[in-house]
1. Could you list all residues from region 1-15 that are open to solvent by 40 Å² or more (accessible area, probe 1.4 Å) and either part of a loop (DSSP other than H, G, I, E, B) or not polar (S, T, N, Q) (or both)?
2. Which residue is farthest from ASP83 (Cα to Cα), if the candidates are limited to region 16-29 and must be part of a loop (DSSP other than H, G, I, E, B) and modelled with pLDDT under 95?
3. I want to confirm something. Restricting to region 73-88 and keeping residues that are in contact with a Phe, Trp or Tyr (Cβ under 9 Å, 6 or more places away or on another chain) and open to solvent by 20 Å² or more (accessible area, probe 1.4 Å), which single residue is nearest to ARG18 (Cα to Cα)?
4. Of all residues in region 1-15, how many are aliphatic (A, V, I, L, M), farther than 15 Å from ILE80 by Cα and either at pLDDT 95 or above or within 17 Å of the chain's Cα centre (by Cα) (or both)?
5. Step by step: first the residues of region 16-37, then only those that are open to solvent by less than 70 Å² (accessible area, probe 1.4 Å) and of a type in the set (S, T, N, Q), then the one that is farthest from ARG90 (Cα to Cα). Which residue is that?
6. Only residues in region 49-60 that are of a type in the set (Gly, Ala, Ser) count as the first member; pair them with residues that are in a helix (DSSP H, G or I), Cβ under 7 angstrom, at least 6 apart or cross-chain, and list the lot.
7. Pick out the one residue from ARG41, ARG47 that is surrounded by fewer than 16 Cβ atoms within 10 Å (Cβ to Cβ), under 15 Å from VAL8 (Cβ atoms) and basic (Lys, Arg).
8. Being out of contact with any Gly (no Cβ under 9 Å at 6 or more places or on another chain) and among the aliphatic types (A, V, I, L, M) is the filter; apply it to region 4-29 and report the residue that is nearest to ILE115 (Cα to Cα).
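The values are calculated or read from the model by the stated rules, or taken from the named source; none is laboratory data. Owing to the predicted nature of the structure, the values given are computational and were not obtained by experimental measurement. Cβ: placed from backbone, ideal geometry, glycine included. Neighbour counts: every protein chain shown. Accessible surface areas use protein heavy atoms only, side chains included; no ligands, DNA or RNA. Shrake-Rupley method; radii C 1.70, N 1.55, O 1.52, S 1.80 Å.
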Amino acid sequence: APPPETIVDWSDPNVTTRQRGLAFTVPGISGQEECGKTFARTASIDRRTEFTESRRTMGLNLEVITLLQTPRGPFVSIYIEGDDPVEANRRHAASQQAFDRWFKDECRKVFPPEIDFDAPLPAIPEQFFDSTELMARD
């Protein structure tokens, strides 16, 4: 399989410190990878101002999206970072702002229909690693 491909690498230039992060992986739809990459470029580069405003409204300062090709089809890993990434995910799901609505509608084209982008992640993830605690011991 090809190596993982980062398709979105956004950070808020106004934020210079690391914050809490949340990572999750979702399946993509086989054959929709190029559509997904085009969407990712449009959202994070062509519409960067709107993307940044959206993420700031949610309280995020970093978003990285990586496409992984596996024997079971494409998977997309998403990492978000901010004051409270779980709350940011909830805000994004509830948002009806024009850019967020467009973003979620475009996601429906590249992810299986079982994924509801108007609902937050189905379970609150459990924290299992805190790098600031690790750095404090050094």
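1. ALA1, PRO2, PRO3, PRO4, GLU5, ASP9, PRO13, ASN14, VAL15
2. Ranking the candidates gives THR16 first.
3. This residue is TYR79.
4. Looking only at that region, the number is 0.
5. GLN32
6. Short answer, once both residue conditions are applied: SER54/PHE99; SER54/ASP100; GLY59/GLU87; GLY59/ALA88.
7. Criteria check complete, one pass: ARG41.
8. Among those that are out of contact with any Gly (no Cβ under 9 Å at 6 or more places or on another chain) and among the aliphatic types (A, V, I, L, M), it is VAL26.
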